[in-house]
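One structure is given below, encoded as structure tokens.
The values are calculated or read from the model by the stated rules, or taken from the named source; none is laboratory data. What you see is a predicted model, and the numbers here were worked out from it, not measured in a lab. FYI the Cβ positions are ideal-geometry reconstructions off the backbone, even for glycines, and counts take in every protein chain you see. Quick note on the areas: whole protein, heavy atoms, side chains included, nothing else; ligands and nucleic acids left out. Shrake-Rupley method; radii C 1.70, N 1.55, O 1.52, S 1.80 Å.
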Amino acid sequence: MAEPGLLPRLLKRLLGRTELPSAASVNDSALPLTAWASLSGRPHDYDPGRVQELYADALTAWRRNPIAWRIISITTDYVVGDRIRLSSPHRSLQRFISAFWNHPKNRMDLRLEAMCEELARAGDLFVLLFRNEQDGMSYLRFVTKDRITRIETAPNDWETELSYEETAPDGERRVWLSPAHPASHEAAAVMLHYAVNRPLGALLGEGDLTTMIPWLQRYSRMLEDRVRLHWAMRAFLWVVTVPAGKIRTKQEQYRLPPEPGSIVVKDEAEKWEVYAPTLHGADASHDLKAVRGMIDAGSGYPPHWRGEAADTNLATATAMQSPTERHLLRRQQYFAFMLQDIVYHAYQRAAELGRVRRLPTGDYSRLFELSVPDISRADNQALARSARDLAECLATVRSGWSGQSRTFDRLLLKLVFRFAGAPQDERVLDQVLEELDGPGEAASAQAASTGLAQQAAPRACGL
């Protein structure tokens, strides 16, 4: 077999690199699938080895790949925003929220960013609530997903999680009880589990980077190869052709290549040629764009969100944002539920010791009031216009009547607040109408309610 030419051998030396085995190849060779049991005992969940592999790959991609880092960062920027405020109309719960949220061992405002990033990166968040037996306050801590090796559920309800088994790096195992476990009130700490991108029938979720990691790896390797090839473009070889009788003499003469700018005098029997790699850079642009398209499809974020405007215009960019904003809104709603659930269980743990009054209900919509940042600021303008137009239309209809209709006034307020993006409970509407029907104001109640409806839209949106 003939040896490859000088130039191919040079390129092989310049571009050659030792490929490290991927996490999948290491685990497949070292840990056969038959050696693992499913983490939850259900066929829809990964085995612990696969869970650790996916978690490590996502963490490595987030640390080393700028695109992966930006995808997680965008999610956090929109979901958490500048601040999330949690409050309650119940005095005892409000006092507990203030103490729990701002406690030196919790400092929730500083934890929200890391919690959102871990949830998006790993797909799961395991929260520990350590209870202080003296005052009933709970302290927040976390266990990473790769250390959870077993989840026990109720025999007749797999959605009711009872306990979690944690395996430390030194091999020590520890079992954490969930609030649903019968003995959880005696435990010093309980574990809460939250998951996103969870298939139906599985206990564990999947991170936002899971489907993109293979394409991120391919894109990184393609870019690295292009960088190496462009560097190799600056390398070249001098090939000097001389008569056969002068080969040894010329080899010794040109043992060192001429310095740049030097002058070489030769006769007509000596021929100099330069050999350099030929790189068709434009041929790779289509492949790179196709791989980026797979990454963008997996993230759900349009290309201009990560700084690649390309040929995107304003109309196209606006149309691209609608599906993305809906996805971010769903993630924000789940993140808000998670915060409410954490505070609720921390409060219940204090109530078990008699440190606080028990809550009258478990309905989070009645217990908590949540203020979250807007996913899209453009929605405020659209809501304000629709509420204003509706209020003017209903006020015009109402002005043509000679009598009064409390039912219509109630419907008017309800629709205006709804279209303004701030729907109110029935009891709030009743309270507004009762205040308008106060003593000595019965004659002007109708006009006042109409004026309130006209002003509700711009006031509700801060206009």
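Some notes on this structure:
- Tally, over the range 274-299, of residues that are of a type in the set (D, E, K, R), at pLDDT 75 or above and either open to solvent by 60 Å² or more (accessible area, probe 1.4 Å) or at positive phi (or both): 2
- Pairing residues of the range 131-144 that are among the aromatic types (Phe, Trp, Tyr) with residues that are open to solvent by 50 Å² or more (accessible area, probe 1.4 Å), at Cβ distances under 9 Å and at least 6 apart in sequence or on separate chains, gives Tyr139/Lys105; Tyr139/Phe130; Phe142/Arg111; Phe142/Ala114.
- Cross-chain or 6+ apart pairs with Cβ under 7 Å, the range 359-378 first and among the acidic types (Asp, Glu), then surrounded by fewer than 12 Cβ atoms within 10 Å (Cβ to Cβ): Glu369/Pro89
- Candidates are the residues of the range 255-273 that are at pLDDT below 80 and closer than 14 Å to Leu237 by Cβ; the one that is most open to solvent (accessible area, probe 1.4 Å) is Pro257.
- Within the range 24-65, the set of residues being surrounded by 15 or more Cβ atoms within 10 Å (Cβ to Cβ), part of a helix (DSSP H, G or I), of a type in the set (S, T, N, Q) and at pLDDT below 90 comprises Asn27 only.
- Thr153 vs. criteria polar (S, T, N, Q), within 23 Å of Glu186 (Cα to Cα), open to solvent by less than 80 Å² (accessible area, probe 1.4 Å) and in contact with an Asp or Glu (Cβ under 9 Å, 6 or more places away or on another chain): yes
- When the range 346-363 is filtered for residues that are in a helix (DSSP H, G or I) and either open to solvent by 40 Å² or more (accessible area, probe 1.4 Å) or on the phi > 0 side of the Ramachandran plot (or both), the ones remaining, listed by number, are Gln348, Glu352.
- Residue match in the range 315-323 (condition: part of a loop (DSSP other than H, G, I, E, B), modelled with pLDDT under 80 and surrounded by fewer than 12 Cβ atoms within 10 Å (Cβ to Cβ)): no
- Tabulated pairs, the range 102-118, first in contact (Cβ under 8 Å) with a residue 12 or more places away in the chain, second in a loop (DSSP other than H, G, I, E, B), C-beta under 6 angstrom, 6+ apart or interchain: Leu112/Val80; Glu113/Val80; Cys116/Val80
- The range 156-185 - residue that is touching an Asp or Glu at 6+ places or on another chain (Cβ under 7 Å) and part of a loop (DSSP other than H, G, I, E, B) and, of those, surrounded by the most Cβ atoms within 10 Å (Cβ to Cβ): Ser178
- Any hit, the range 90-99, residues being surrounded by 13 or more Cβ atoms within 10 Å (Cβ to Cβ), at pLDDT 55 or above and within 19 Å of the chain's Cα centre (by Cα): no
- Counting the residues of the range 156-179 that are within 10 Å of Met191 (Cβ to Cβ) and among the acidic types (Asp, Glu) gives 2.
- Filter result for Leu209 (hydrophobic (A, V, I, L, M, F, W, C), assigned to a helix (DSSP H, G or I) and either closer than 26 Å to Ala61 by Cα or in contact with a helix residue (DSSP H, G or I) (Cβ under 8 Å, 6 or more places away or on another chain) (or both)): no
- Any hit, the range 105-114, residues being under 25 Å from the mean Cα position of the chain (by Cα), within 25 Å of Asp45 (Cα to Cα) and surrounded by 18 or more Cβ atoms within 10 Å (Cβ to Cβ): no
- Test: residue in the range 432-443 that is within 22 Å of Ala384 (Cβ to Cβ), modelled with pLDDT under 75 and aliphatic (A, V, I, L, M): no
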